Amino acid sequence: MSTLTGLLRLYVWHMKLSVSRAMIYRFDFVTGLLVSVLVSGIGPFVQYLFFTQTRGYPGWTLSEILLFQGLLLLWFGIRDLLFGDIRGTVMNLVWKGDFDRLLLKPYPPIGVILCSGFNLGGIGSLLAGILVLSLAARRVELHLSPGTLLMLLIVTLCGLLLYMAISVLFSSILIMLVQMGRIGEMFDRIMDFANYPVNIFPLFLRTALIVGLPFAVWTYYPAQLLLNRADHRIWFAAASCLVLFWLSLKLWNRCLRNYTSAGG
Amino acid sequence: MSEYMIEIQGLRKTFKKLNKKAGFFSAFGALFSRTSELVHSVDGIDLRVRKGEIRGLIGPNGAGKSTTIKIMSGILHPTEGTVSIMGYTPWLHREKYIRNLGVLFGQKSQLWWDLPPIDTFELNREMYRIPTDRFKRRLDRFVELLQIERVIYQPVRTLSLGERMKCELVCALLHEPSLIFLDEPTIGLDIVSKETIRQFIKQTNKELQTTFIITTHDLADLENLCDNVTIINKGSIVFDDAMGKLSTFFRNRKIIEVKFAEPVGEALLDGYDVIEFGGLNARIEVNVEDKDIKHHVYDILGRLPVVDINITNIPIEEVIKHIYTS
């Protein structure tokens, strides 16, 4: 327990230092923020074109898709803000042979890695997400009971756990292989499945996205909860997130044992 | 409780090393089949270090020093052997053990590059849960000893190598560890910075009884700091004794340095092993096993116009070179 609270405090410290660093390069930060908001806006626009120029997504109205897009951007914002720097940090550490430094901290190294993920750049997607979500809220009647809010909180926490599990998996592979440019890309392409409502996919993919790799917790289920149409499989998805996180930690410990470090 | 802070027995670490041949086709062929060999980076090391000791750990490049330090730090798991440091097995009790350990890798930085060192110090305060008043007291002391009052508020990227190294030392010592590993702490520094750092290490060792393990290629570090020295070569310990023993390593060999009143011919020194000759001076190595030093000195004084004569042991540098290559 004390390790967990220690790590949370460490996360806050990393966050403060990361903000201080971003403020040193103010021009880069401001332009990055503007570009991020603009680029984030392209996603909903493309979806709008796609929806209006084709038969759209079965079972989804344009306003509901707008809600989905708002939640997707919001998720990207939260994800990048909290853990956006993880991949870059780990790649940098392993590539330069500096990973040893993490093993000299009085915390589990994977905890330190997850604590170093804060990236202020994620604020662009977060703002864009809030904007699109508030637009969607005017067009769709949202179901906002205390039960729904509680479920939203649970699903968001599970989503964060799932993303942490993927980051741990990525880090485990990286400390073994050192160089893995295209594998990172593969991770991204697989995660792209989360950018669409799960129920538009064939049954086996739908099952995989709810139980196997439950990306559905990131955007699909939050949208379904707000539209009051979430099904019982949400619990399978939540449980799956916990199992995947546990498995990723097991794999990490195994890889760490075989870590060979870099030359002296 | 054992009088030793570090006790290592039969330590071995074997790595699987891939063999790569030169050339494009060989590189392409490595996609399908690779050959590898087992390399014994550490090959049966036994080591004991007392509390409060400053121990030099030296050896040629690739001797196994860094691997030994990494196993002692808990970074690597050994293939074989036991390590007990302050009662901990580093790789098993890593998190608790690390709280009592400070590590400085001279060629790697733990400072945040864009921010002033004070921010990294504060992060370390949080990480090691150092009470604020103690942190402040220690920092003030270190800042005074290392003369870095202004430096700690400037971004790291604007600091000189010496200033950065002093700040790295502060990072390694802020939590007052009982044991500190310093890997080439004076690498690339000017004479003044080297001296400041050496004084700081001595002072800390004296005041807090901190044990230091120093790996270095700078003999002045050894001569100025270390009580004992361990030399590792090809994964094994080849010398493990007091620093003083290094200078008397070749007991039967001495160096005689002579200055002459007038230029002499080198032929007059025939029969001696002349290392250096300049007409007005000479440096001769003599073997004192068969004939004692008095015999050699009387012979030189009797035959040559000597104005000054000096007898010394074989320089430590030579001794170490001999040990490395033997």
* Asked: How far is it, in nm, from the label point at A:Val12 to the one at A:Leu205 when both lie 7 Å from their Cα along the line to the Cβ?
  -> 4.4
* Asked: Over what distance in Å are the Cα centres of the range A:117-173 and the range B:82-156 separated?
  -> 36
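Relative contact order (percent) for chain B, with alpha-carbon contacts under 8 angstrom and 6 or more residues of separation?
Details: 562 pairs, mean separation 60.8, N = 326.
Once divided by the residue count of chain B, the mean separation gives 19 percent.
For every helix of n ≥ 4 consecutive DSSP H residues, a contribution of -39,500 (n - 2.57) applies; sum these over chain A, divide by its total residues, and give [θ] at 222 nm rounded to the nearest 500 deg cm²/dmol.
Numbers: 11 runs with 188 residues, N = 264.
Result for chain A: -24000 deg cm²/dmol, rounded to the nearest 500.
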* Taking springs between alpha-carbon atoms closer than 10 angstrom, which of A:Gly97, A:Gly77, A:Gly59 fluctuates most in the Gaussian network model of chain A? -> A:Gly59
* To do: Working from Cα positions, state the angle (0 to 90°, nearest 10) between the long axis of helix A:233-257 and the longest principal axis of chain A.
  => 20
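If you take every DSSP beta bridge whose two residues both sit in the range B:172-319, what share of them, in percent to the nearest 5, is antiparallel?
Values: 24 of 29 bridges.
Percent antiparallel among DSSP bridges in the range B:172-319 is about 85.
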* Asked: Where does the charge balance sit around A:Gly129 when Lys and Arg score +1, Asp and Glu -1, over other residues with C-beta under 13 Å from its C-beta?
  -> 0
* **Burial ordering of A:Tyr25, A:Tyr221, fewest other beta-carbon atoms within 10 Å first** => A:Tyr25, A:Tyr221
* Which angle between 0 and 90 degrees, to the nearest 10, do you get for helix A:123-139 versus the longest principal axis of chain A when only C-alpha atoms count? -> 20
* Asked: In degrees between 0 and 90, to the nearest 10, how far off the longest principal axis of chain B does helix B:293-303 point, with axes built from Cα atoms?
  -> 50
* Asked: Taking the Cα-to-Cβ direction at B:Thr82 and at B:Ala242 and moving 7 Å from each Cα, how far apart do the two end points lie in nm?
  -> 2.9
* In cubic angstrom, how much convex hull volume per residue do the alpha carbon atoms of the range B:253-325 span? -> 94
* Proximal lysines relative to B:Lys321, as straight alpha-carbon distance under 18 Å, when same-chain residues fewer than 8 apart are discounted -> B:Lys65, B:Lys234, B:Lys245, B:Lys254
* Structure fact -> Rounded to the angstrom and largest first, Cα extents along the principal axes for the range A:1-258 equal 54, 43, 38
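Within the protein assembly as shown, what percent of beta bridges assigned by DSSP are antiparallel, to the nearest 5?
Numbers: 43 of 61 bridges.
Of the beta bridges lying entirely in the protein assembly as shown, close to 70 percent run antiparallel.
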* Post the alpha-carbon centroid distance, the range B:196-263 to the range A:38-74, in whole angstrom. => 72
* **Ascending count of other beta-carbon atoms within 10 Å, so fewest first, for B:Lys254, B:Lys166** => B:Lys254, B:Lys166
* Asked: Given springs between every Cα pair under 10 Å in a Gaussian network model of chain B, which of B:Asp133, B:Asp290, B:Asp46 has the largest fluctuation?
  -> B:Asp290
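Please identify every one of the trypsin sites (Lys or Arg not before Pro) in the range A:27-87 that sits in a loop by DSSP and has no more than 14 other beta carbons within 10 Å of its own beta carbon. Write down the numbers at each step before the final one.
Numbers: sites: A:Arg55, A:Arg79, A:Arg87; in loops: A:Arg55.
Listed in order of number, the matching sites are A:Arg55.
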* Identify unpaired cysteines across chain A, taking unpaired to mean no other cysteine Cβ lies under 4.7 Å from the residue's Cβ. => A:Cys115, A:Cys255
* Arrange A:Ile42, B:Ile213 by Cβ neighbour counts within 10 Å, fewest through most, would you? => A:Ile42, B:Ile213
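Readers should treat all values here as calculations from the given coordinates under stated rules, not as data from a laboratory. Remember, it's a predicted structure, so these values are computed and weren't measured experimentally. Note that we place each Cβ from the backbone using ideal geometry, even for glycine, and neighbour counts take in every protein chain shown.
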